[in-house]
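The block underneath contains the structure these notes are about, expressed in structure tokens.
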Amino acid sequence: MKNFVPLQFNIFLHNMKKIILFLIAVMLLNVSCRQVYDNSDKMIFRYNESSGINSLDPAFSAGQSIIWPCNLLYNGLVDLDEQMRVVPSIAKSWTISPDGTVYTFTLRDDVYFHQTDFFPQKRKVTADDFVYSLGRIVDGSVASPGAWIFQKVKRDSEGKPAFKALNDSTFQITLSEDFPPFLGILAMKYCSVVPREVVEKYGKDFRTHPVGTGPFKFQIWEEGVKLVLRKNPDYFETDEEGNRLPYLDAVAITFIVDKQSVFMEFMKGSLDFMSGIDACYKDALLTKTGELNPDYADRVQLLTGPYLNTEYLGFMLKDDGQDNPLLKKEVRQAINYGFDREKMMRYLRNNTGYPGTSGFVPMGLSSFDTSKVKGYNYNPAKALELLAKAGYPNGKGLSPIPLSVSANYLDISQYIQHELEQIGIPITLDVQQAAQQRQMMRNYQLPFFRGSWICDYPDPENYLSLFYSKNLQPNGSNYTHYVNPKYDKLFEKSQRCLNDSLRNLYYTQLDAMLMEDAPVVVLYYDKVLRFTGINVEGLGTNPINMLDLRRVKIKLKTEKR
């Protein structure tokens, strides 16, 4: 008992110090007063993350809520520009061997890890750091959800991946076979560089002690309340005039769960940015045609562009020996022709997406070409013709077809159900919990289901591989059980092609083949929706909806004296 009071008192002082530091940070970031625009104060970008953040370790950057802050804290070998082209980051250049299997990167010599108490002196990034960082992703003891991205990396007899430092500034990766999308994969946040000594010191607690090379560095995180990142004064990138990036002084992230409350905070000016649209304020902010409500034009900006997400309905094509009309191509095509996608988007989504009248590959990717890939428009006469050809004139003899959906997509599903009934195709809706629906879809238990595919990396292969027969479950993502030897042969040919233009031609041919066979009903291609305060400049959009704040500025406000 002798040491009990001093020990408890020390713990109390330690906790009070953390609370005081956090309150000071919050006070600095939330000063409210009568304000006018000028440029003399700190530029702080404020946004909310309703789904929360459970880690700031890039090895666990699965999901937008973690990817966004990791993009602010870390860099990898390469990055993507707004057109989804691979551009240099820490690697200033690279070469690829003629057979497409050996990637050799030359690193910049001016990239340093964030200066912290751990690194009071500048610590330069070397090729060995990439050997360690990428090795973590495939290390079973780390259990990174990104381990799959290096399936094509060559392994030695002990299973060690072929990541090699040729010297301090030269890093090399060897693949087991050529894989043209690989550079795009390296732009994923899983591939960020981290310092071995910090990770080994903190272990699993590196999630709350992040150290990277990015434009912002960690300041304070009160989980579930606020996360604050501040400008990295030693960041290596500059703008066209040679000014060091980023322009912002800090980023403050809150964690309000209720979407209506987030909307109110944004409209009050307490937040600078909202991403996406929720039903609770959709009709307040947007017109029926998807434009910004003119009532808010003096204080809100709307930024839109293609988002690499395809929303679809999938048919399970595995023949279980039962009478299943969906195994007939003509029935699947009739369903595709049987509803008006443009009307659906206008009235149910305020045009916050693009009608899915082309292929499965969405707008924003290199092979998207409406002249070469013809999807389905609204043509009820054609649908009736196809039903008759399938042996169901005017739908006669068709048993009700169950469509499995989650509650979030009930409105669209009800619309499609109503439209298809007009041409004799009876649909019943099976509303399930999203997690249960996904599990049953993966186990081929749903004959007709709603799905969506957000790209993992910006290459059409990421979409077209969903229909490659070698990607059947349980280990793949071929949820429709689509099997077509002709498709497989052309898909494999595309993956051996190192010429980008020719490979895109193969991709359009594959997409056109899918539309003819109709294993899916493409509903729409998603759209990035970003709302900012009128004082935010330089944000822009990109097809993967990455939050890039390097060039963002805020027209500043200071107190009237």
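The values are calculated or read from the model by the stated rules, or taken from the named source; none is laboratory data. Note that the coordinates shown come from a computational prediction; the quantities given were computed from them, not determined experimentally. Using ideal geometry, Cβ is built from the backbone for each residue, glycine included, and neighbour counts are taken over all protein chains shown.
Side notes on the structure shown:
- Leu227 passes every criterion in (1) in contact (Cβ under 8 Å) with a residue 40 or more places away in the chain; (2) outside the structural domain of Leu386 (by TED's automatic domain parsing); (3) over 30 Å from Arg123 (Cα atoms) apart from (3).
- Matching strands (runs of 3 or more DSSP E) fully within segment 394-469 where at least 1 residues are among the aromatic types (Phe, Trp, Tyr) and surrounded by 13 or more Cβ atoms within 10 Å (Cβ to Cβ): 448-454
- Contact map, segment 159-171: first residue within 20 Å of Val138 (Cβ to Cβ) and assigned by TED's automatic domain parsing to the domain that holds Tyr112, second residue part of a loop (DSSP other than H, G, I, E, B) and at pLDDT 95 or above, Cβ cut-off under 6 Å, separation 6 or more or different chains; pairs are Ala162/Lys154.
- When residues of segment 493-507 are limited to those that are within 26 Å of the chain's Cα centre (by Cα) and more than 9 Å from Pro180 (Cβ to Cβ), the one surrounded by the most Cβ atoms within 10 Å (Cβ to Cβ): Tyr507
- Strands (runs of 3 or more DSSP E) lying entirely in segment 77-124 (those with 1 or more residues that are among the acidic types (Asp, Glu)): 78-80
- In the set Phe119, Phe105, Phe206, Phe130, only one residue is among the aromatic types (Phe, Trp, Tyr) and surrounded by fewer than 20 Cβ atoms within 10 Å (Cβ to Cβ); that residue is Phe119.
- Checking each residue in segment 112-141 for being among the small types (Gly, Ala, Ser) and closer than 23 Å to Val78 by Cβ picks out Ala127, Ser133, Gly135.
- For segment 367-412, the set of residues classified as in contact with a helix residue (DSSP H, G or I) (Cβ under 7 Å, 6 or more places away or on another chain) and among the small types (Gly, Ala, Ser) consists of Ser367, Gly375, Ala383, Ala390, Gly395, Ser404, Ser406, listed by residue number.
- Residue in segment 274-289 that is buried (at least 16 other Cβ atoms within 10 Å of the Cβ), assigned to a loop (DSSP other than H, G, I, E, B) and at pLDDT 95 or above present: no
- Verdict on Glu237 being surrounded by 14 or more Cβ atoms within 10 Å (Cβ to Cβ), touching a residue at least 40 places away in the same chain (Cβ under 8 Å) and not hydroxyl-bearing (Ser, Thr, Tyr): yes
- Segment 290-318, residues that are assigned by TED's automatic domain parsing to the domain that holds Asp517, outside any strand (DSSP E or B) and among the hydroxyl-bearing types (Ser, Thr, Tyr): none
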